[in-house]
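Note sheet for the following structure.
The values are calculated or read from the model by the stated rules, or taken from the named source; none is laboratory data. Only a predicted model underlies this, so the values are computations on that prediction, with no experimental measurement involved. Reconstructed Cβ throughout: ideal geometry from the backbone, glycine too, with neighbour counts over all protein chains shown.
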Amino acid sequence: MNKYIEKVLNGVKEKNINETEYLQAVEEVLISIEPVIAKHPEYEKIALLERMIEPERMITFRVPYVTDKGQTLVHRGYRVQFSSLIGPYKGGLRFHTSVNQSIIKFLGFEQIFKNALTGLPIGGGKGGSDFDPKGKSDDEIMRFCQSFMTELQRHIGQDIDVPAGDIGVGEREIGYLFGQYKRIKDVYEGGVLTGKGLSYGGSLVRKEATGFGLIYFMREMLANNNFSLEGKNVTISGAGNVAIYACQKAQEYGANVIAMSDSNGCIYDKNGIDIKVVKQIKEIERGRISEYLKVYPHAEYIECKGKDSPIWEIKTDIALPCATQNELTLNSAKKLVENGVFAVGEGANMPCVKEATEYFLDKNILVAPAKAANAGGVAISAVEMSQNSMRYYLSFEDVDKKLNDIMVNIFTSCKYAANEYGLGKNYVAGANIAAFTKLADAMTAQGIV
Ligand code: NDP
């Protein structure tokens with residue numbers, strides 16, 4: 001391994017000893033950019049890597065709220081303002097019991113690279129809380145969001161830091177957060193949050209963007225390797241925002257989506273998932289995916305038991321992990337390959353454990369890496385910010401076309417970067433190299449800050 005990278009990796013491990021997800025994300029990037037570092041020995045003197053992996057700022061705060069039964073509960077809020085190199089900090093908020101500093105830092109770190117790949121002027125940030133909106137009433141969610149924003153508002157602004165949604169934070173939560181921000185600041189600052197409702201400054205296609213974008217990226221990657229989505233069996237983990245719109249777009253391209261999941265289990269419908277039913281259950285009723293069988297009793301429900309999700313046991317051509325980090329283990333990767341998978345597209349952030357990605361690449365499986373393949377959401381968030389500044393809205397067709405063009409460009413950047421360094425079809429390294437090159441240029445130009 002390159003000596004400079006080795007030194008940086010040892011340092012980051014020592015300083016962040018318990019932050020496993022963050023260390024995993026840093027290691028994956030640093031190892032894959034080794035050929036670039038070898039070409040640029042001058043980076044060591046200016047501590048370029050050390051500065052890139054260290055957040056500009058990490059904020060934590062107390063979030064108390066009162067439940068419907070009158071009990072006061074206290075959660076921890078986070079915001080990492082990781083990098084403002086190429087634009088205001090930008091990245092979602094996650095509400096989930098698993099949220100901790102390591103998860104927020106890994107997401108923030110990945111976000112810098114993803115945002116650089118979009119070609120748009122957005123830096124990297126991420127935030128959230130160890131609060132789980134599942135099973136809470138609308139009033140409880142509102143009170144929690146208001147309390148969260150009462151602290152967060154000190155640190156954000158449309159030219160400073162622009163949060164959006166992520167796991168557990170959808171249009172409902174963004175609405176409550178925006179209302180509280182506006183009330184405290186006494187200003188209509190449309191671009192301070194993205195993923196807003198259409199009635200008060202949201203953009204058409206933002207809801208669909210991550211899932212649609214993933215499929216646009218997959219379409220490009222497959223076409224470049226003489227494949228297409230038409231007639232292929234596809235399995236998609238998750239049944240949230242990313243999974244639902246990935247399913248819808250894949251079906252529009254003629255794919256047969258046979259399975260989806262949530263954290264309790266997966267549904268397998270060999271006739272093809274009826275996405276309208278999934279939307280009704282998950283988006284409207286906020287129910288469980290198992291309820292699909294009430295409408296389609298012929299489908300199968302397989303409960304999640306161990307670490308390996310049962311969805312990856314199902315024979316498929318294309319696998320799209322769209323739920324959460326490290327959901328696809330090495331065992332699952334082996335099973336997928338044994339069953340004939342030929343392409344994997346990461347809709348979630350870092351859904352494959354490192355060994356699973358390495359296994360796929362070793363077996364010549366096409367891998368669409370998260371930083372590139374799920375960048376459509378943040379790209380259209382940036383388009384939402386532009387519309388808020390212009391005080392003018394684009395049509396669905398216009399935004400969808402922009403999304404498509406951005407995803408084609410991102411794929412092309414990954415492909416060229418992989419080619420330039422002789423990495424063949426390793427788009428995982430291609431994405432890291434393409435993003436890193438842009439960030440390293442900006443960092444060098446801006447001096448030691
Ligand atoms: P949602 O909250 O809308 O949906 C998440 C889905 O994943 C749910 O079906 C949930 O099941 C499932 N899930 C969550 N945690 C786990 C777990 N530990 N094990 C198994 N299943 C789980 O989130 P999104 O669809 O917005 O986000 C999904 C992924 O995509 C995340 O990694 C996120 O960071 C990433 N992403 C999202 C973007 C966006 O625009 N929304 C943009 C780019 C990336 P259950 O209902 O049981 O909790």
Subset of the range 384-405 that is of a type in the set (S, T, N, Q) and touching a residue at least 12 places away in the same chain (Cβ under 8 Å) - its residue that is farthest from residue 188 (Cα to Cα):
404
Would you tally the residues in the range 327-351 being of a type in the set (Ser, Thr, Tyr) and more than 16 Å from the ligand (Cβ to nearest atom)?
0
I need every pair where a residue in the range 419-432 that is at pLDDT 95 or above has its Cβ under 6 Å from the Cβ of a residue that is of a type in the set (Lys, Arg) and part of a helix (DSSP H, G or I), sequence separation at least 6 or different chains.
431/371
Any residue that is surrounded by fewer than 21 Cβ atoms within 10 Å (Cβ to Cβ) and modelled with pLDDT under 95 - is there at least one of those in the range 307-314?
yes
Report yes if residue 334 is in a helix (DSSP H, G or I) and surrounded by fewer than 20 Cβ atoms within 10 Å (Cβ to Cβ), otherwise no.
yes
Across the range 145-171, which residue is nearest to residue 67 (Cα to Cα) among those that are in a loop (DSSP other than H, G, I, E, B) and of a type outside the set (A, V, I, L, M)?
168
When restricted to 294, 270, 282, the only residue away from the ligand (no atom under 16 Å from the Cβ) and not in a loop (DSSP other than H, G, I, E, B) is 294
Selected residue [within 23 Å of residue 443 (Cβ to Cβ), out of contact with any strand residue (DSSP E or B) (no Cβ under 6 Å at 6 or more places or on another chain) and within 11 Å of the ligand (Cβ to nearest atom)] from 126, 114
114
Restricting to helices (runs of 4 or more DSSP H) lying wholly in the range 1-51: which have 1 or more residues that are closer than 25 Å to residue 370 by Cα and modelled with pLDDT under 95?
none
For residue 128: the one exception among (1) in contact (Cβ under 8 Å) with a residue 40 or more places away in the chain; (2) more than 19 Å from the chain's Cα centre (by Cα); (3) outside any helix (DSSP H, G or I):
(2)
State all residues of the range 352-378 that are within 12 Å of the ligand (Cβ to nearest atom) and either hydroxyl-bearing (Ser, Thr, Tyr) or assigned to a helix (DSSP H, G or I) (or both); if no residue qualifies, say none.
370, 371, 372, 373, 376, 377, 378
Criterion (of a type in the set (A, V, I, L, M, F, W, C), within 16 Å of the ligand (Cβ to nearest atom) and closer than 20 Å to residue 205 by Cβ) met by exactly one of 275, 289:
275
Within the range 315-326, count every residue that is within 12 Å of the ligand (Cβ to nearest atom) and not in a loop (DSSP other than H, G, I, E, B).
2
Search the range 237-265 for residues being touching a residue at least 40 places away in the same chain (Cβ under 8 Å) and of a type in the set (Val, Ile, Thr), and hand back the single one that is nearest to the ligand (Cβ to nearest atom).
242
Scanning the range 194-230 residue by residue, those of a type in the set (S, T, N, Q), in contact (Cβ under 8 Å) with a residue 40 or more places away in the chain and either part of a helix (DSSP H, G or I) or within 11 Å of the ligand (Cβ to nearest atom) (or both) turn out to be 194, 210
